[in-house]
Amino acid sequence: MPLVLLIVLALLLPATAQAAPNAGVTIMDDQLLFNEPDTTVLDRYMSRFTWLGADRLRVSAFWDQIAPKPGRRHKPQFDAASPTDPAYNFAQLDKVVQSARSHGLKVLISITTPAPLWASGDPSRGDRVWKPSPAEFALFARAIASRYGSQVDQFAISNEPNQPGWLRPQSDRHGYYAPHHYRRMVNAAFPAIRGGSPRDTIVVGELAPSGSINRGPGSSIRPLAFLRAFSCVSRSFHKLSSGRCRGFKAPRADVIGHHPYSFFSRPTKHSANRDDAAIGDGRRLLGVLDRLVKRHRLISARGGRLDVDYTEFGYQTDPPDPYAGISLKHQDRWLQEAARVAWATPRVRSITQFRLSDGPKLPGRGFDAWREFQTGLLFNDMRQKPSYLSFRQPFVAQQRGSRHVRLWGQVRPGGRHQVTVERKKSGGWKKVTSLNTTRRGYWQRKIRSHGGTFRYRWGGGKKRTSDKVRVR
């Protein structure tokens, strides 16, 4: 085939599975950062984040922690849209954002519930996530965007609205409630954020990966079912216009945020329920988003198809959590495999490690004592887990047929590097191949081999070395 024709075909063909060759690495640990008053210690945490290879920090702007008089039933007098109103308490968020920026980290701010009680749908309930006012939420979002728009480049609209811990009721006797209320929040907050920070990216969704088989105020909703209700389509994607879909206005998004936890499963495994979306279900999630955009039930504000950011991910470990944890060895290996799954999924722009260090053990017995997430790369006392060192250099080696091994890795932090792949022999390690990474440190190579134990090395005089991976 003539070379010119090959070039033309290459330009016309759709993107391959390697559609996110430069996916970013984000880290999040609100509890660690918001509980630290000392800016010197904050700076040390930021240095550790960059050492691990993160290029972005995700941090929450909790409405009820920043707004005035959050426990009162009646709204106090203040300018809720103003980024400088003295009634707001921006102090700790200011410190965190400033520290992140001084260490070269880009920042995503999640503007989220819980709401102050006076902004809830029924303050007499004493429930700060009960039907939060979309109009009041938009004023808060405008204040956050106006204050931080020159310092950060991304804002997200609320956290896990398909979970009752963040938005209630999830459902009532008329059916799903939370998706429709979240749509109202997005439709109010999106233009408010855009008005306060015109050029920054607005992330919508931030959904948890699974839900309950039950319906009710406190029963979570599966993410793909949530997205269909949010966009007012049936299971077969027919447009709905009655009930809570009457007067439907399609929500807008620049990017979709998602939390694709796999919990006890390997990252390559698909969810049993078709409406769940763990990290192994990335293409299923993209398929739903594409159908919603095609039917104009979800608007891609920047045109084209919607990309996805994995804005939370991790594996809880045992130790310390004997109820919801996997082994330290599995966390170490599966986090590395998850990095490759995210990289190989089209239009996934980033993956976020949720927590540097484990949450504390809480008072109580049994499961209640371990309600804090134990997804850290460090234990709560800051001792390292095996995943701490491997996080800087994820490495996956997989047998492909009987004669080939596929090798993949990333040098973190990113940048262009030359890596050398080695195979263990009886006399030590022998070079297999050398290659250059992408600008974010990614590389992949398929070699002829029946298996063996592999590693990769890179760097100057003091070379860094990945985990050893055995392929049978």
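The values are calculated or read from the model by the stated rules, or taken from the named source; none is laboratory data. All of these numbers come straight from a predicted model, not from anything done at the bench. Reconstructed Cβ throughout: ideal geometry from the backbone, glycine too, with neighbour counts over all protein chains shown. Keep in mind that these areas ignore ligands, DNA and RNA; they rest on the heavy atoms of the full protein, side chains included. Shrake-Rupley method; radii C 1.70, N 1.55, O 1.52, S 1.80 Å.
Please list the radius of gyration and Dmax for segment 337-427, considering alpha-carbon atoms only, with Å as the unit.
Here Rg and the maximum Cα pair distance are 17.8, 54 Å.
Any chance you could give the angle, 0 to 90 degrees and rounded to 10, that helix 282-294 forms with the longest Cα principal axis of the chain?
Helix 282-294 sits roughly 50 degrees off the main axis of the chain.
Round to the nearest 10 and give me the degree value, 0 to 90, for the angle of helix 39-52's Cα axis relative to the longest principal axis of the chain.
Helix 39-52 sits roughly 40 degrees off the main axis of the chain.
Going by average Cβ neighbours within 10 Å, how do the peptides 321-327, 199-205 rank, with the highest at the top?
Result, highest mean Cβ count within 10 Å first: 199-205, 321-327.
Per DSSP H run of n ≥ 4, the term is -39500 (n - 2.57); total these for the chain, divide by its residue number, and report the mean residue ellipticity at 222 nm rounded to 500 deg cm²/dmol. Mind dumping the intermediate values first?
Details: 11 runs with 122 residues, N = 472.
The per-residue figure over the chain is -8000 deg cm²/dmol.
Please give the FRET efficiency for LEU389 paired with HIS74, using the beta carbon to beta carbon distance and R0 = 41 Å, rounded to the nearest 0.05.
Details: r = 53 Å, r/R0 = 1.28.
Computed FRET efficiency for LEU389 and HIS74 comes out at 0.20.
Please calculate how many Å² of accessible area segment 269-383 carries per residue, with a 1.4 Å probe and no DNA, RNA or ligand atoms counted. Display every interim value, and only then the final one.
Numbers: 4810 Å² over 115 residues.
In whole numbers, segment 269-383 has 42 Å² accessible per residue.
Can you give the log10 of the normalised intensity I(q)/I(0) at q = 0.14, 0.15 Å⁻¹, computed with Debye over equal Cα scatterers of segment 127-178?
So the normalised log intensities are -0.47, -0.52.
At a probe radius of 1.4 Å, what is the per-residue accessible area of HIS330, in Å² to the nearest 10?
Using a 1.4 Å probe on the heavy atoms, I get roughly 80 Å².
With all protein chains present, how much of the accessible area of segment 234-286 (probe radius 1.4 Å) comes from carbon and sulfur, to the nearest whole percent? Walk me through the numbers on the way to the answer.
On the way: 1410 of 2750 Å².
Within segment 234-286, the accessible surface is 51 percent carbon and sulfur.
Could you please report the charge total around LYS361, scoring K, R as +1 and D, E as -1 over all other residues with beta-carbon less than 12 angstrom from its beta-carbon?
Numbers: positive: ARG365, ARG371; negative: ASP321, ASP358, ASP368, GLU372, ASP381.
Residues near LYS361 contribute -3 overall.
Pairs of alpha-carbon atoms within less than 8 angstrom and 6+ residues apart define the contacts here; what relative contact order does segment 76-210 have, in percent? Don't skip to the end; give the middle numbers.
Details: 215 pairs, mean separation 37.3, N = 135.
Reported as a whole number, the value is 28 percent.
Sort the following peptides by mean Cβ neighbour count (other Cβ atoms within 10 Å, averaged over residues), highest first: 446-457, 106-117, 178-189.
Working: 446-457: 16.8, 106-117: 24.3, 178-189: 22.3.
Per-residue mean Cβ counts within 10 Å order the peptides as 106-117, 178-189, 446-457.
Hey, any idea what % of segment 47-193's accessible area is carbon plus sulfur with a 1.4 Å probe? Provide the component values of the computation, followed by the final result.
On the way: 2390 of 5280 Å².
The value for segment 47-193 is 45 percent carbon and sulfur by accessible area.
Can you give the % of DSSP beta bridges in segment 155-275 that are antiparallel, to the nearest 5? Don't skip to the answer; put the middle values down first.
Values: 3 of 9 bridges.
Taking every DSSP beta bridge within segment 155-275, about 35 percent pair in antiparallel fashion.
Taking R0 as 25 Å, what's the FRET efficiency between ALA87 and ARG302 from their Cβ-Cβ distance, rounded to 0.05?
On the way: r = 35 Å, r/R0 = 1.38.
With a Förster radius of 25 Å, E is 0.10.
Place a +1 charge on the Cβ of each Lys and Arg in the chain and a -1 charge on the Cβ of each Asp and Glu, then give the dipole magnitude about the Cα centre in debye, rounded to the nearest 20. Don't skip to the answer; put the middle values down first.
Details: 77 positive and 36 negative charges, 475 e Å.
That gives the chain a dipole magnitude of about 2280 debye.
Could you state the principal axis extents of the C-alpha atoms in segment 250-298, from the largest down, to the nearest angstrom?
36, 17, 13
Can you give me the Kirkwood hydrodynamic radius for segment 87-188, using every pair of distinct Cα atoms, in Å to one decimal?
Values: mean 1/r = 0.0681 Å⁻¹.
With all distinct Cα pairs of segment 87-188 included, I get 14.7 Å.
If you stretched the chain out fully between ARG266 and ARG349, how much longer would it get, using 0.36 nm times the residue separation minus the C-alpha to C-alpha distance? Intermediate results must be reported in sequence, preceding the final value.
Details: separation 83, 0.36 × 83 = 29.88 nm, distance 2.09 nm.
Contour length minus the Cα-Cα distance gives 27.8 nm.
Could you work out the relative contact order of the chain, using alpha carbon pairs under 8 angstrom and six or more residues apart, expressed as a whole percent? Could the numbers behind the result be given before it?
On the way: 1046 pairs, mean separation 62.6, N = 472.
Rounded, it is 13 percent for the chain.
If you line up the long axis of helix 3-12 against the longest principal axis of the chain, both from Cα atoms, how many degrees apart are they, to the nearest 10?
Computed tilt is about 30 degrees.
How far apart, in nm, are the 7 Å Cα→Cβ label points at ARG439 and SER426?
In this crude label model, ARG439 to SER426 measures out at 4.8 nm.
Please compute the volume of the convex hull spanned by the alpha-carbon atoms of the chain and report it per residue in Å³.
On the way: hull volume 85.2 nm³, N = 472.
Roughly 181 Å³ of hull volume per residue.
Quick one: work out the % antiparallel among DSSP beta bridges in the chain, nearest 5.
Details: 35 of 73 bridges.
The antiparallel fraction comes to roughly 50 percent.
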